Amino acid sequence: MIIVHHLNNSRSQRILWLLEELAIPYELKCYQRDPKTNLAPPELKAINALGKSPVIEDGVQKLIESSAIIDYLIRRHGDGRLQPDPSTPAYDEYVQWLHFAEGSAMLPLMLNLYVGRLGEAGAPLHPRINSEVANYLGYLDTALSQSVFLLGDEFSAADIQMSFIGEIARAQGKLGNYPHIAAWIERFQARPAYQAALKKGGKYDFAPH
Ligand SMILES: N[C@@H](CCC(=O)N[C@@H](CS)C(=O)NCC(=O)O)C(=O)O
């Protein structure tokens, strides 16, 4: 049985959603953020030395990075579902989106969050952060202006991996100029598997209100 170590209000919500989409049974171990610091509890360090979530265990295998977890779950348990045929160019684009989420798009959004906490002291950094946020969100919005999901009409795990980018950008009030991202979020949040994952994962501040 696959075990998912899930931190509330976090990127690991994506893993629950993927498992619900694939209808793969899993055991959920939940961890709660510290209400003051918002950090993960120390128990998570016993599973992942980084103290971060998501983490999955599948027999002797343990994985701690969300795009690798998504790739693993689909390769090992997905029977080809939720990804393009690996022999097609669409697959290369799919892999690129998997990396793009955490490797590129997340950084300016995290900087916005952290530097925002500095108040006035962070003001000199905001023009560059804002332009990079706009750069990445503009890229995503343009991609979504051409299709229903990231890879066309067909929903894929690339949408799951990228979902947190859309959701965190919306929570930061950054979607005013990006109607295609906003509409995409509405579409994916309406999926029954997304809703089922929400019920299992507990409070998630980025869910539809
Ligand atoms: N790039 C990693 C990021 C993992 C990560 O930063 N997880 C956050 C949750 S959104 C976390 O566990 N934070 C708790 C902490 O740092 O104490 C991934 O996508 O899996």
Verdict on Ile185 being more than 20 Å from Glu65 (Cα to Cα), open to solvent by less than 40 Å² (accessible area, probe 1.4 Å), in contact with a Pro (Cβ under 9 Å, 6 or more places away or on another chain) and part of a helix (DSSP H, G or I): yes
Qualifying residue in segment 143-166 (condition: free of Cβ contacts under 8 Å to residues at least 12 places away in the same chain and farther than 24 Å from Pro208 by Cβ): yes
Lys52 assigned by TED's automatic domain parsing to the domain that holds Leu7, modelled with pLDDT of 95 or more, open to solvent by 70 Å² or more (accessible area, probe 1.4 Å) and within 11 Å of the ligand (Cβ to nearest atom): yes
Qualifying positions in segment 55-75 - open to solvent by less than 10 Å² (accessible area, probe 1.4 Å), more than 13 Å from the chain's Cα centre (by Cα) and within 12 Å of the ligand (Cβ to nearest atom): Val55, Ile56
Filtered residues of segment 193-204 (kept if open to solvent by 70 Å² or more (accessible area, probe 1.4 Å) and either touching a residue at least 24 places away in the same chain (Cβ under 8 Å) or in contact with a Gly (Cβ under 9 Å, 6 or more places away or on another chain) (or both)): Lys200, Lys203
Whichever residue in segment 103-137 is in contact (Cβ under 8 Å) with a residue 40 or more places away in the chain and within 16 Å of the ligand (Cβ to nearest atom) and, among such residues, is most open to solvent (accessible area, probe 1.4 Å): Leu113
Residues located in segment 4-46, provided they are hydroxyl-bearing (Ser, Thr, Tyr) and more than 9 Å from the ligand (Cβ to nearest atom): Tyr26
Filter pass, Thr37 being farther than 24 Å from Lys174 by Cβ and at pLDDT below 95: yes
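The values are calculated or read from the model by the stated rules, or taken from the named source; none is laboratory data. Quantities reported herein were computed from a predicted structural model and do not represent experimental measurements. All Cβ positions, even for glycine, are placed from backbone atoms using ideal geometry, and neighbour counts span all protein chains on display. The protein model used for the area step is the full one, side chains on, heavy atoms only, and it has no ligands, DNA or RNA in it. Shrake-Rupley method; radii C 1.70, N 1.55, O 1.52, S 1.80 Å.
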